[in-house]
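A quick write-up on the structure given underneath.
The values are calculated or read from the model by the stated rules, or taken from the named source; none is laboratory data. This one's a predicted model, so the numbers in the text were calculated from it and none came from an experiment. Heads up, the Cβs are rebuilt from the backbone with ideal geometry, glycines too, and the neighbour counts pull from every protein chain shown.
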Amino acid sequence: MIIDVATASPRQIYNLLIGLVAPRPIALVTSHNEQGRLNAAPFSAYNYLCTDPPVVGIGVTNRPGTFSPKDTAQNIRRTGEFVVNVVTEDLLQQMNICATDFPQEVDELQMAGLETAPSSIVKVPRIRTAHAALECVEHTTLEIGKSRIILGRVVAMYVEDEFVDPSGPYIKAEELHAVGRMNGLGSYVKTRDAFLTQPRISYGEWQNGKR
Ligand SMILES: Cc1cc2nc3c(=O)[nH]c(=O)nc-3n(C[C@H](O)[C@H](O)[C@H](O)COP(=O)(O)O)c2cc1C
């Protein structure tokens with residue numbers, strides 16, 4: 001089947017793309033407005049984009065119907081800061097509560113029973129029970145159609161000691177149990193006991209027949 005993007009509806013394209021670009025990491029983003037009112041929401045249009053300097057990108061679609069930016073996008077535009085909390089199995093249910101379309105004055109963190117802890121550089125706090133978090137300052141926000149692509153420069157990384165192998169340092173990803181989002185119908189993937197290892201092959205090894 002070939003889907004003609006020119007004639008497909010935005011909803012159809014969304015359904016197809018999120019099924020094809022999967023699994024995706026999930027950023028549970030904490031932010032606050034100018035008055036300090038906290039907000040938390042998950043985003044799976046998310047990845048790191050470069051490491052020197054370290055930059056992550058998040059795609060935030062405007063609210064359907066009203067076309068006004070979601071609270072996260074508004075907060076980041078106004079305060080220039082946010083924190084990406086890494087979503088792991090133990091945070092899945094609370095992350096999902098944070099995605100509920102609560103009125104603006106409702107603190108999703110409170111609804112989800114999540115506490116915060118101070119960040120080290122940015123004013124926005126991280127989620128206390130998140131095992132890892134990236135403190136970010138807004139680098140730039142691109143407005144594309146009805147979405148905003150927010151690029152954030154990572155200014156500090158928080159990781160619980162038990163998940164760091166100091167020799168790299170590396171993240172003990174097999175033990176962190178991060179979850180990924182699949183096709184948007186409430187489906188996620190676990191990373192527990194799911195690792196495959198496929199070391200890269202140098203050109204020299206290739207010439208010697210390694211595959
Ligand atoms: C796992 C998950 C991933 C999501 N990813 C995105 C995303 O990438 N972009 C987006 O605009 N909304 C995404 N959403 C929906 C937002 O989380 C939801 O609209 C939320 O209410 C926005 O909150 P805010 O207005 O407080 O920013 C996602 C929801 C879930 C459950």
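Of all the numbered requirements in (1) farther than 24 Å from T66 by Cβ; (2) among the β-branched types (V, I, T); (3) surrounded by fewer than 16 Cβ atoms within 10 Å (Cβ to Cβ), V159 misses one, and that requirement is (3). A40 meets the conditions (1) in contact with an Asp or Glu (Cβ under 7 Å, 6 or more places away or on another chain); (2) not in a strand (DSSP E or B) in every case but one. The failed one is (2). Annotation note: Cβ proximity below 9 Å between a residue of segment 62-77 that is small (G, A, S) and a residue that is assigned to a loop (DSSP other than H, G, I, E, B) (sequence gap 6+ or interchain) occurs for S68/N62; A73/N62. Exactly one residue out of L49, L16, L28 is in a helix (DSSP H, G or I), at pLDDT 95 or above and either under 14 Å from R181 (Cα atoms) or of a type in the set (A, V, I, L, M, F, W, C) (or both), and it is L16.
Looking only at residues in segment 51-85 that are farther than 20 Å from I121 by Cβ and of a type in the set (K, R), the one that is farthest from the ligand (Cβ to nearest atom) is R63. Listed by first and then second residue, the pairs with beta-carbon distance under 6 Å, at least 6 apart or on different chains, first residue in segment 41-54 and in contact (Cβ under 8 Å) with a residue 24 or more places away in the chain, second assigned to a loop (DSSP other than H, G, I, E, B), are P42/I26; P42/A99; S44/I26. Would you point out the residue of segment 190-206, among those that are touching a residue at least 12 places away in the same chain (Cβ under 8 Å) and in a loop (DSSP other than H, G, I, E, B), that is farthest from D90 (Cα to Cα)? That would be F195. Scanning segment 75-123 for residues that are of a type in the set (G, A, S) and assigned to a loop (DSSP other than H, G, I, E, B) yields G80, A99, A112, G113, S119, S120. In the set (1) under 17 Å from C136 (Cβ atoms); (2) away from the ligand (no atom under 14 Å from the Cβ); (3) not charged (D, E, K, R), the condition left unmet by L20 is number (1). Filtering segment 165-204 to residues that are surrounded by 10 or more Cβ atoms within 10 Å (Cβ to Cβ) and at positive phi leaves H177, G184. Within segment 98-109, no residue that is free of Cβ contacts under 8 Å to residues at least 60 places away in the same chain and closer than 19 Å to N85 by Cα sits with its Cβ atom under 8 Å from a residue that is more than 8 Å from the ligand (Cβ to nearest atom) and among the small types (G, A, S) at 6+ positions apart or across chains. Might you check whether a residue that is under 17 Å from I76 (Cα atoms) and not β-branched (V, I, T) occurs anywhere in segment 8-26? The answer is no, given that none of the residues of segment 8-26 is under 17 Å from I76 (Cα atoms) and not β-branched (V, I, T).
Number of residues in segment 93-113 that are at pLDDT below 95 and within 7 Å of the ligand (Cβ to nearest atom) equals 2.
Listed by first and then second residue, the pairs linking a residue in segment 9-24 that is surrounded by fewer than 14 Cβ atoms within 10 Å (Cβ to Cβ) to a residue that is of a type in the set (V, I, T), with Cβ atoms under 7 Å apart and 6 or more places separating them unless they lie on different chains, are I13/V5. Annotation note: of T141, T88, the sole residue that is over 30 Å from F67 (Cβ atoms) and within 14 Å of the ligand (Cβ to nearest atom) is T88. Could you count how many residues in segment 167-183 are within 25 Å of V55 (Cβ to Cβ) and either in contact with a strand residue (DSSP E or B) (Cβ under 8 Å, 6 or more places away or on another chain) or assigned to a loop (DSSP other than H, G, I, E, B) (or both)? Total satisfying the criteria: 10.
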